[in-house]
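Chemist: My structure is below; once you've seen it, I'll send some questions.
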Amino acid sequence: MKPVDSEKTDAQKQIEQINKRRKRIQRFKYSLLSILVILLLFPNIVSIYLLIQNYQLQKQIDGIYSFVTEESEIEETENITYLSDADKEEFNELQIAELKYSIPDNEVYPGKQCVYLTFDDGPSKYTDEILDILAEYDVKATFFVLAKEGYEEEYKRIAQQGHTLALHSYSHKYSTIYATPEAFRDDVTMISDFIYDITGERSKFYRFPGGSSNSLVKFDKEELFKILREQELLYIDWNVASQDAGSVKLLPEKIKQNVLDGVKGRNSAVVLMHDASDKYTTVEALPLILDELKKDDNCVVLPITEGTQLTQHVVSAYQ
Ligand code: ZN
């Protein structure tokens, strides 16, 4: 019995060994195959990842370029960034003109830091909320508005509540507004009349779409300045950018920080923000900004008036 058993066991052992070898070979094959598959897939995964990254970056670049081209709602971030080197030099030379009218704010508030919050591109669905916040903090601001149907109450409310209702063009379409001096005159006249018809008052202040230092005007800018003088409009740019107009939406905290950093150390700070349907984080940032400004006894928040130092990126030779 024993020898038979041991023979059987030997045979079984041999079979088992063969099976084990087979399994090992199979496992080896699978491992090899897996490595091969990974090696083949890896470059594809990396390519897809890079493609997505590239697409996102391209979108950001497109957003920035749309600022320079035309007809975009996105505009006026820190337009200085997008100027040519020659324009930058011009900007540095001219910097900011500080002209005085009536009783200057810095004489009304001696030794104080004057901060002017300005909202471009409104009215929008957020105008009422912005006005509510300003009322809550008991401060007045400046709204550089466009012509929009269906917002009559908002235009009126801005004016009635003591804010400065200022002009920012009728259409905001760069290609139309800056096509010729005549086109610019037409646009300014249209927005001025539009506001007058609603509020019964002529606006005294204007902000160029893209700012006075925009590189979209292909003729002598003095033509534009002359037209504004004819219409008794003073133009104002900004010296603090909240940077809320870029294609990348900023969080309220970031907008607040941009404003506070920009305001720091300026006797007269004109802050650029936007009142637009895709700018809710600006509305959220507003109480955070006002909390900080109100904490500072040395700081007053004011609307733009004739007493405001005119912050201008490009200054008319004839002013
Ligand atoms: Zn604008």
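The values are calculated or read from the model by the stated rules, or taken from the named source; none is laboratory data. These figures come from a predicted structure and were not determined experimentally. Using ideal geometry, Cβ is built from the backbone for each residue, glycine included, and neighbour counts are taken over all protein chains shown.
Chemist: Look at region 269-282 and say how many of its residues are away from the ligand (no atom under 16 Å from the Cβ) and surrounded by fewer than 21 Cβ atoms within 10 Å (Cβ to Cβ).
Modeler: 2
Chemist: Further, regarding this structure: Which one of the conditions (1) farther than 19 Å from Thr176 by Cβ; (2) touching a helix residue (DSSP H, G or I) at 6+ places or on another chain (Cβ under 6 Å); (3) surrounded by fewer than 23 Cβ atoms within 10 Å (Cβ to Cβ) does Ser215 fail to meet, given that it meets all the rest?
Modeler: Of everything listed in (1) farther than 19 Å from Thr176 by Cβ; (2) touching a helix residue (DSSP H, G or I) at 6+ places or on another chain (Cβ under 6 Å); (3) surrounded by fewer than 23 Cβ atoms within 10 Å (Cβ to Cβ), Ser215 misses just condition (1).
Chemist: Please find, within region 304-313, the residue that is nearest to Ser212 (Cα to Cα) out of those that are surrounded by fewer than 21 Cβ atoms within 10 Å (Cβ to Cβ) and not hydroxyl-bearing (Ser, Thr, Tyr).
Modeler: Glu306
Chemist: Of all the helices (runs of 4 or more DSSP H) wholly in region 43-146, which have at least 3 residues that are hydroxyl-bearing (Ser, Thr, Tyr) and either within 23 Å of the chain's Cα centre (by Cα) or modelled with pLDDT of 75 or more (or both)?
Modeler: The helices (runs of 4 or more DSSP H) meeting that bar number zero.
Chemist: Sticking with this structure for a sec: Are there any pairs, at least 6 apart or on different chains, whose C-beta atoms fall under 6 Å, with the first in region 267-291 and closer than 21 Å to Gly111 by Cα and the second in a loop (DSSP other than H, G, I, E, B), and if so, which?
Modeler: Ser268/Gln309; Val270/Trp238; Val270/Asn239; Val270/Thr311; Leu290/Tyr137
Chemist: Of all residues in region 216-266, how many are without any contact (Cβ under 8 Å) to a residue 40 or more places away in the chain, away from the ligand (no atom under 16 Å from the Cβ) and part of a loop (DSSP other than H, G, I, E, B)?
Modeler: Residues flagged as without any contact (Cβ under 8 Å) to a residue 40 or more places away in the chain, away from the ligand (no atom under 16 Å from the Cβ) and part of a loop (DSSP other than H, G, I, E, B) within region 216-266 amount to 8.
Chemist: I've got another one for you. Within region 226-237, can one find any residue that is crowded, with 23+ Cβ neighbours inside 10 Å, touching a helix residue (DSSP H, G or I) at 6+ places or on another chain (Cβ under 7 Å) and modelled with pLDDT of 95 or more?
Modeler: Scanning region 226-237 turns up at least one residue that is crowded, with 23+ Cβ neighbours inside 10 Å, touching a helix residue (DSSP H, G or I) at 6+ places or on another chain (Cβ under 7 Å) and modelled with pLDDT of 95 or more.
Chemist: Which of the residues spanning region 149-177 are of a type in the set (Ser, Thr, Tyr), away from the ligand (no atom under 14 Å from the Cβ), in contact with a Ser or Thr (Cβ under 8 Å, 6 or more places away or on another chain) and assigned to a helix (DSSP H, G or I)?
Modeler: Within region 149-177, Tyr155 is the sole residue that qualifies.
Chemist: Also, quick follow-up: Report the residue count in region 178-189 for those that are within 16 Å of the ligand (Cβ to nearest atom) and touching a residue at least 40 places away in the same chain (Cβ under 8 Å).
Modeler: Number satisfying all stated conditions: 3.
Chemist: One residue is enough: does region 194-212 have a residue meeting the conditions within 16 Å of the ligand (Cβ to nearest atom), hydroxyl-bearing (Ser, Thr, Tyr), part of a loop (DSSP other than H, G, I, E, B) and touching a Gly at 6+ places or on another chain (Cβ under 8 Å)?
Modeler: There is no residue in region 194-212 that is within 16 Å of the ligand (Cβ to nearest atom), hydroxyl-bearing (Ser, Thr, Tyr), part of a loop (DSSP other than H, G, I, E, B) and touching a Gly at 6+ places or on another chain (Cβ under 8 Å).
Chemist: So Val248 clears everything in (1) touching a helix residue (DSSP H, G or I) at 6+ places or on another chain (Cβ under 6 Å); (2) modelled with pLDDT under 95 except one condition, right? Which one?
Modeler: (1)
Chemist: Something else now. Pick from region 213-247 the residues that are among the polar types (S, T, N, Q) and in contact with a strand residue (DSSP E or B) (Cβ under 6 Å, 6 or more places away or on another chain): which of them is farthest from Ala317 (Cα to Cα)?
Modeler: Only one residue fits best here, namely Ser242.
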